[in-house]
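**Student:** Dropping the structure in here first, questions after.
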Amino acid sequence: MQLHRFKPQFESAGFQIILVGLGNPDEAEAFRKQFSPSLPIICDPEKILYHAYGLKKVSVAALASPSLWLNGLKTLAKGHMPGISKDNVMQMSGVFLIDTAGDIRYAYYSKDPSDNPSVDSLLALKKDGLK
Amino acid sequence: MLEPYQKAPDAEVIFSDRAVHRLSNLWIKEPMFLVFLRHFG
C-alpha cells in the first residue's frame, strides 16, 4: 500500500492517515523520506501500540499460505524488491479507523504478510455517520 | 482483537520528527486511519 499517493483523496473524504512502525525515530524518518514523504509516522519500537491494538506475529499457517507466495511473486513482477529490514519481519500489519469520539469504526487485521486492505475499500468508508 | 465500536487504545506516542502527541488529541480533530506497518523496508 503506497498510501501517501492517495493522501489528497483521504483528506477530501475527511480522513487523516497516520502510519505506525516498529523502528526508532531515525529509522522511521529515513523510511518516511524515501517511501512516504507526505504521511506522519509514529515510532513504536517497544511494540506498545502493536500490542494494544492486538497485532500479532505471522503464524506458521500464514507463512504457508499460497496467497502469500502468489502475492509475493506479483510484487516482484512489478519490480518491487523487498528491502532489508532491521525490524521484526514476522510482525503482522493492520488498519484501524478511529472516529473523533475515540471509537473504532473499522478494524482490519492482515491474514498474511502480503495481505492489506485496498485503498478503494478504505476510501469507501464514508465519513458520513462518523462522529 | 479489537472490533468496531470498541474504544481505541490511547497512548502518548513519538513521531519520526521526535514530536510527542497523545493519540486522542489527534483523532479528536477528524477521523483517523491508523495504519500499522510490518516493518520499515
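**Student:** For B:Ile28, A:Ile98, what ranking results if the residue with the fewest other Cβ atoms within 10 Å of its Cβ goes first?
**Tutor:** Going from sparsest to densest Cβ surroundings: B:Ile28, A:Ile98.
**Student:** Give the order of A:Val119, B:Val35 when sorted by the count of other beta carbons within 10 angstrom, beginning with the fewest.
**Tutor:** Lowest to highest Cβ neighbour count: A:Val119, B:Val35.
**Student:** Follow-up question, since we're still on this one. Test of understanding: ordering B:Leu26, A:Leu122 by Cβ neighbours within 10 Å, fewest first, what list do you get?
**Tutor:** B:Leu26, A:Leu122
**Student:** Then there is this: What residues have an amide H closer than 5 Å to that of A:Asp103, excluding those fewer than 5 places away on the same chain, when H is modeled at 1.01 Å from N in the peptide plane?
**Tutor:** Close amide H contacts, sequence-distant or interchain: B:Ala8.
**Student:** Give, as a single signed number, the net charge of other residues whose beta carbon lies under 13 Å from the beta carbon of B:Met1, with Lys and Arg counted +1 and Asp and Glu -1.
**Tutor:** Net charge in that neighbourhood comes out at +1.
Every number in this text was worked out from the coordinates using simple rules, so none of it is lab data. All values reported here derive from a predicted model rather than from experimental measurement. Heads up, the Cβs are rebuilt from the backbone with ideal geometry, glycines too, and the neighbour counts pull from every protein chain shown.
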